[in-house]
């Protein structure tokens, strides 16, 4: 099993090889004391994986690519993802050398993901998908649509992304923001409720935004009971992980017309062309594009430069989520 840790994995003189999915000459400020190899998930490895000490996982290449070299990285000390979620590499943690640290990219995707959460919310509320479908035929579709103003919004998964989503909701004059995380706490903006309080909070929300990582505790969280607890006509927005939502239960609610949904992530993913979710009423689907924007690469480069400077100096790394036993 893996345990939470904040200790630094200090590189030894012989363990200074770093695998990067970005060409090293494109990243400013990399320590000169380390040896860099460029690998972005291609079929051939750039060097012997056993010599890699710091592995940066290729971005958005899937689990198979992410874990393929790890089976041979017997000397790895740090595994750094470029995603906030680490579910695509956690299966490899039990086989990593003892003390290897697994870090995520907290902060890299907050802005882009929050932008998309707001985009999906506004587009769905204001009927933008219907207008787009009507445009080729020249159909004029006047009507009254819900505003985001004066609505109650529930953010389930109030971490860095959830906080960034609230930053963008406030100027739209929402009636209230309800916040939920794994455990309750207090912030400058107000209380953050525990997941156990969801049954009392769901009926209060016009919009429910999911920004949760995928864990055993969150898999299928938005299932039949969760969805039936939402008020009639509410909108479910998911910018976290597809498997947090039970797709079958969501389809039932969409087909009945009781709920609407705006989804950047789905289960399964990619969503097959013949999947009934595509044709369900009241759903807007984007193809997992919350993170990959023009904001990603500059922020990812800054993260990698800062992490490698710390590592080369023997300083504690940031965003360490687990350490292999």
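Bear in mind that the values in this text are calculations on the coordinates, not laboratory data. All figures in this text were calculated on a predicted structure; none of them were measured in a lab. No Cβ is skipped: glycine too gets one built from the backbone with ideal geometry, and neighbour counts run over all protein chains shown.
Observations, loosely collected:
- For residue 269 and residue 196, the difference between the fully extended length at 0.36 nm per residue and the C-alpha to C-alpha distance is 23.5 nm.
- Label of the coordinate-derived value, Rg and Dmax of the Cα atoms in Å, listed as (i) 21.4, 69; (ii) 18.3, 53; (iii) 18.2, 60: (i)
- Mean residue ellipticity at 222 nm, helices only, the chain: -6500 deg cm²/dmol; runs of at least 4 DSSP H residues each add -39,500 (n - 2.57), and the sum is divided by the number of residues.
- Label-point separation in nm, residue 25 to residue 149, each point 7 Å along Cα→Cβ: 5.4 nm
- Exposure proxy order (Cβ contacts within 10 Å, fewest to most) of 311, 140: 140, 311
- For the chain, the relative contact order works out to 22 percent when only alpha carbon pairs closer than 8 Å and six or more residues apart are counted.
- Springs between Cα atoms under 10 Å define the GNM used for the chain, and in it the highest mean-square fluctuation of 42, 314, 85 occurs at 42.
- Within the chain, percent of DSSP bridges classed antiparallel, to nearest 5: 20 percent
- The angle separating the long axis of helix 160-169 from the principal Cα axis of greatest extent in the chain is about 40 degrees.
- DSSP beta bridges fully contained in segment 110-285 are about 10 percent antiparallel.
- Contact order normalised by residue count of segment 110-285, Cα under 8 Å, 6+ apart, percent: 19 percent
- Compactness of segment 110-285, expressed as Rg and Dmax over alpha-carbon positions, Å: 15.7, 52
- Ordering of 46-57, 25-36 by packing is 46-57, 25-36, highest average first (other Cβ atoms within 10 Å, averaged per residue).
- Exposure proxy order (Cβ contacts within 10 Å, fewest to most) of 116, 198: 198, 116
- On the beta carbon distance between residue 289 and residue 310, with R0 = 30 Å, the FRET formula returns roughly 0.45.
- Acute angle (nearest 10 degrees) that the helix 110-125 long axis makes with the longest principal axis of the chain, alpha-carbon atoms: 20 degrees
- Legend: ranking of residues 87, 264, 150 from fewest to most surrounding C-beta atoms inside 10 Å; resulting order 150, 87, 264.
- Once the Cα atoms are used to define both axes, helix 296-312 deviates from the longest principal axis of the chain by about 30 degrees.
- Rough spin-label spacing in nm, given labels placed 7 Å along Cα→Cβ, for residue 228 and residue 255: 1.6 nm
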